[in-house]
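The values are calculated or read from the model by the stated rules, or taken from the named source; none is laboratory data. Worth saying up front: this structure is predicted, and the values here are computed from it rather than measured. Here the Cβ positions follow ideal geometry from the backbone for every residue, glycine too, while neighbour counts run over all protein chains shown.
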Ligand code: SF4
Ligand code: SF4
Ligand code: SF4
């Protein structure tokens, strides 16, 4: 790439070819106001806040005008400032921007611009028309009256998420955010990734749960990693007191670059299974609360006969603790080994021309991997060959059942850079799939920390023993007479209580620090963001008690 | 089915979206695009539904509501405006008893406005379906509409 020399506000600068005026100005430390611009999205030029003087003719949007050699740019002449002020007045006047009732007041880019430009009155008669409000989505509220039509939501939904749910309908002042084919959110193809809310600069798209619970400056933002699946996305957790307000994607994360899925952004905050807050023992059909000492005494008595079954959702440290305490009687509750080992990384998804997705619906699980694929497939930059891939088959003409695996493979082979993406595979299918020499393979581990189980050499085994110790959040067990069943678990569900004899509370989600090994084999750390309730045993406490049994 | 035959006339490339939507609209006796049409087009061209619907609602030549057999588009650009487009609009509106954007109950006429039709030399002008009428006066408009009504 060549270099381009130009002048911005009299300052001589040199930047890479292909940069916009906005980017060049930023490098030179010159700030230009923006609204529809978003660093992670393609330039759009909808709002005209960033207009600058660059050569003859009309003012140009700095976000969407590329630098040329010898260009002379002026970013803040009185004329430019006046135009920007008019733009701002129009933006404020068109719809309902009476900030005092808005959820986003204090955290709104439009309001910030108003303060910056000293806007102290409405120059144009303020809005009269009323626009629709859509409250049908379980997590998101869309109030078109606060929308400035910057289209960041639609651009993020498409460009980053690959979901293509949002667009703008109609034109001019009648423009509205459109969901699919004029749908309500609840009846749409929205997968609840929440990207649109994360990028909306105003109060038009808001997070229902976090609404009115506190503004950004009242919250602490903690950067950490999602532990809901083995992708291990970077997240920013908004905490106020000991409460998680919301989870945003971390734009700086090398894994997901800001994108999240429903499982990472919303589901854990809506978890409603009853929590277990103290060890409990069942005797003669009656549950009694006992002390941790008592609980571990029972375990130490049963130790000789006990077999441990660990879920892959647990942090490495806890897995290790059980392994060192009970050695060769520690197993994985669920499958651990890949049907075909990975040879690809997430990076390989960026330039593949063919994705062969087998047996997994990436709209439901590993959602961010789904985004990486969908955002290239829908604009037809790559092909998707879907084999029993659930709702994902809706975006491709190449959708097959297992019985047609050979046709699917034949179709995939037409690609030059083929990545096969799968989790568990039924018998017969992995044998067909693994012999493709030209493919790269991306295995999606079954649980968030399956890779840690693998690293510790913990094998899967179907529980059959009389005395079983389960550890995890989704435990179900059969029970035969004479069994003794222990569960280390965050939740006391009725099903679990009906089969278990001893329940010991453990931390869950962001209540504890812990290491996770992602599908690429990278170690990421989930931070402790909130303090667990009293009585819940932390990983550290359990580890030290296990050492003593 | 007839709609599938219409689709097949076009290569499934996204550049063909506009022509395809026009063809689907034309095939409908009520001159509009049904939801079904948008879904068909999206599916056929492998485009997101949201994109197709944004295109269909952006262009004023497409309608998502049933329209009349004759679509009257009166030019409202400055040259026509200066020589009395306003009174032409009023004449049509009174004569048919409908407002701009509405359709007569008998399903015959829909009244719409249009930007420049490119025939400023004969302003004020209007288009009825594909036919352009210029040098309009209230009398001329009434006689055109009467003829159409009588099926001439
Ligand atoms: S939540 Fe995600 S999928 Fe749904 S509309 Fe917003 S960006 Fe699109
Ligand atoms: S909803 Fe928000 S992000 Fe979307 S166009 Fe409106 S203001 Fe912009
Ligand atoms: S893809 Fe996995 S790691 Fe990323 S947000 Fe979703 S659940 Fe969390």
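Overview of values
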read-out	value
Yes/no for residue A:225 being modelled with pLDDT of 95 or more, within 14 Å of chain B (Cβ to nearest Cβ) and farther than 21 Å from residue A:100 by Cα	no
Subset of segment A:378-404 [away from chain B (no Cβ under 12 Å), part of a helix (DSSP H, G or I) and crowded, with 20+ Cβ neighbours inside 10 Å]	A:392
Residue in segment A:240-267 that is nearest to ligand 3 (Cβ to nearest atom), counting only those that are within 12 Å of residue A:530 (Cβ to Cβ) and out of contact with any strand residue (DSSP E or B) (no Cβ under 8 Å at 6 or more places or on another chain)	A:243
Yes/no for residue A:168 being closer than 19 Å to residue A:203 by Cα, more than 8 Å from ligand 1 (Cβ to nearest atom) and facing chain B (nearest Cβ under 9 Å)	yes
Test set (1) more than 8 Å from chain B (Cβ to nearest Cβ); (2) at negative phi; (3) not in a helix (DSSP H, G or I) - residue A:149 fails condition number	(2)
Residue within segment A:236-250 that is under 27 Å from residue A:492 (Cα atoms), touching a helix residue (DSSP H, G or I) at 6+ places or on another chain (Cβ under 7 Å) and assigned to a loop (DSSP other than H, G, I, E, B) present	no
Single residue of segment B:29-62 satisfying the filter (more than 11 Å from chain A (Cβ to nearest Cβ) and surrounded by fewer than 15 Cβ atoms within 10 Å (Cβ to Cβ)) that is farthest from residue A:156 (Cα to Cα)	B:29
Hits in segment A:173-221 - residues which are within 14 Å of ligand 2 (Cβ to nearest atom) and at positive phi	A:194
Residue list for segment A:133-146, restricted to those being touching a helix residue (DSSP H, G or I) at 6+ places or on another chain (Cβ under 6 Å) and either within 14 Å of chain B (Cβ to nearest Cβ) or within 12 Å of ligand 2 (Cβ to nearest atom) (or both)	A:134, A:140
Some residue of segment B:134-150 being without any contact (Cβ under 8 Å) to a residue 40 or more places away in the chain and touching a helix residue (DSSP H, G or I) at 6+ places or on another chain (Cβ under 6 Å)	yes
Any hit, segment A:252-260, residues being within 30 Å of residue B:43 (Cβ to Cβ) and within 15 Å of ligand 1 (Cβ to nearest atom)	yes
Only one of A:91, A:113 that is within 12 Å of ligand 2 (Cβ to nearest atom), in a helix (DSSP H, G or I) and more than 14 Å from chain B (Cβ to nearest Cβ)	A:91
Given (1) within 24 Å of residue B:64 (Cβ to Cβ); (2) assigned to a helix (DSSP H, G or I); (3) within 14 Å of ligand 1 (Cβ to nearest atom); (4) touching a residue at least 60 places away in the same chain (Cβ under 8 Å), index of the condition residue A:163 fails	(2)
Condition met for residue A:203 (more than 17 Å from residue A:270 (Cβ to Cβ) and within 11 Å of chain B (Cβ to nearest Cβ))	no
Filtered residues of segment A:254-290 (kept if surrounded by fewer than 16 Cβ atoms within 10 Å (Cβ to Cβ) and part of a loop (DSSP other than H, G, I, E, B))	A:254, A:271, A:272, A:273, A:274, A:277, A:284, A:285
Residue match in segment B:87-107 (condition: more than 18 Å from residue B:129 (Cα to Cα) and within 14 Å of chain A (Cβ to nearest Cβ))	no
Subset of segment A:349-377 [part of a loop (DSSP other than H, G, I, E, B) and under 20 Å from the mean Cα position of the chain (by Cα)]	A:360, A:361, A:362, A:363, A:364, A:365, A:366
Meets criteria (under 27 Å from residue A:394 (Cα atoms), out of contact with any strand residue (DSSP E or B) (no Cβ under 6 Å at 6 or more places or on another chain), buried (at least 23 other Cβ atoms within 10 Å of the Cβ) and in contact (Cβ under 8 Å) with a residue 40 or more places away in the chain) for residue A:197	no
Looking only at segment A:132-146, and only at residues there that are buried (at least 19 other Cβ atoms within 10 Å of the Cβ) and assigned to a strand (DSSP E or B), the one that is nearest to ligand 1 (Cβ to nearest atom)	A:140
Those residues of segment A:150-159 which are in contact with a strand residue (DSSP E or B) (Cβ under 9 Å, 6 or more places away or on another chain) and within 18 Å of residue A:350 (Cα to Cα), in sequence order	A:156, A:157, A:158
Filtered residues of segment A:191-228 (kept if within 11 Å of ligand 1 (Cβ to nearest atom) and either out of contact with any helix residue (DSSP H, G or I) (no Cβ under 8 Å at 6 or more places or on another chain) or not in a loop (DSSP other than H, G, I, E, B) (or both))	A:195, A:196, A:197, A:198, A:199, A:205, A:207
Positions within segment B:63-75 being touching a helix residue (DSSP H, G or I) at 6+ places or on another chain (Cβ under 7 Å) and more than 14 Å from every other protein chain (Cβ to nearest Cβ), in sequence order	B:70, B:72, B:74, B:75
Residue under evaluation residue B:65, criteria (1) within 30 Å of residue A:163 (Cβ to Cβ); (2) buried (at least 20 other Cβ atoms within 10 Å of the Cβ), criterion not met	(2)
Leading residue by the ranking (farthest from residue A:392 (Cα to Cα)) among those in segment A:176-190 that are more than 8 Å from ligand 1 (Cβ to nearest atom), in contact (Cβ under 8 Å) with a residue 12 or more places away in the chain and within 14 Å of chain B (Cβ to nearest Cβ)	A:176
